Amino acid sequence: MSAPSRAHTAAALVSAEADVLALSPGRQLPPHILSRITAAVASAPDSWADLVRFDPTSRYSTRLYRCDLFEIWLICWDFGQDTLLHDHGGSVGAFTVASGTLQEDFGSTTSAILRSRRWHTGDIASFGRTYVHNLVNASLERVVSIHAYSKPLTTMNFYCWLPSGMRHLRTVRCELGEPDTSELERTASALRKP
């Protein structure tokens, strides 16, 4: 399916909801609608299967659709790949696991508690503005997931979890895609050393 066809499909997924909500240009889609969008896209692999790529050195991601209101991403996870603990710069979001299993450590920028859970094929998660998480492919199979954010991501804040709690590492601009976090990984590792 071509990029315009993907864009048309994604836009159709939200148009009826947007009409019902009478969205103005300054609003965000609520997480439950983003959940419906990611679930619908994940259940239509013919619209993205040709874009799946696995790279053993870093996660592969590609934007499937973007407008002023929201964006949709395809993310491919090889063994052991993770995101580092991060928020979404004030955007709300959702993701659906299209295939495989992701481990998630999650919490809030307003809480000192971090929990863990697993998401399997077909599982859907959604989150608000203060949500922080780290996703990792801790399984022995490759993973494909579909993510949506509203407003489209412009920044992400990265954190390190220490015995004393969460520590902010850096704010990274990300309008053009997932940022390279290799330097942040080294910083987080150094902070964890006694």
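Descriptive notes on the structure:
- Site pair residue 32 and residue 54 shows an inter-label distance of 3.7 nm when each label is modelled 7 Å from Cα along Cα→Cβ.
- Rounded to the nearest 20, the Cβ-based charge dipole of segment 81-179 about its Cα centre (Lys and Arg +1, Asp and Glu -1) stands at 220 debye.
- In this simple spin-label model, placing a label point 7 Å from the Cα along the Cα-to-Cβ direction at both residue 116 and residue 167 gives a separation of 2.1 nm.
- Rounded to the nearest Hz, the phi-derived 3J(HN,Hα) couplings of segment 54-59 under the Karplus curve 6.51 cos²θ - 1.76 cosθ + 1.60 (θ = phi - 60°) are 10, 10, x, 9, 6, 4, where x marks glycine and proline.
- Surface composition of segment 25-64: carbon plus sulfur atoms contribute 56% of the solvent-accessible area (1.4 Å probe, protein chains only, all chains present).
- Kirkwood Rh, Cα atoms: Rg over Rh of segment 70-129: 0.94
- Each residue of segment 40-161 gets 99 Å³ once the volume of the Cα convex hull is shared out per residue.
- Only protein heavy atoms count here; under a 1.4 Å probe, residue 36 has an accessible surface of about 120 Å².
- Order of exposure, largest accessible area first, which applies to 141, 71 with probe 1.4 Å: 141, 71
- Distance between modelled label sites at residue 142 and residue 155, nm, 7 Å Cα→Cβ extension: 3.5
- Stokes-Einstein, applied to the Kirkwood radius of segment 109-182 over Cα pairs at a viscosity of 0.890 mPa s and 25 °C, places its translational diffusion at 168 µm² s⁻¹.
The values are calculated or read from the model by the stated rules, or taken from the named source; none is laboratory data. Quick caveat, the model's predicted, so the values are computed rather than measured. Ideal geometry is used to build each Cβ from the backbone, glycine not excepted, and the neighbour counts take in all protein chains shown. What goes into the accessible areas is simple: the full protein's heavy atoms, side chains included, and nothing from ligands, DNA or RNA. Shrake-Rupley method; radii C 1.70, N 1.55, O 1.52, S 1.80 Å.
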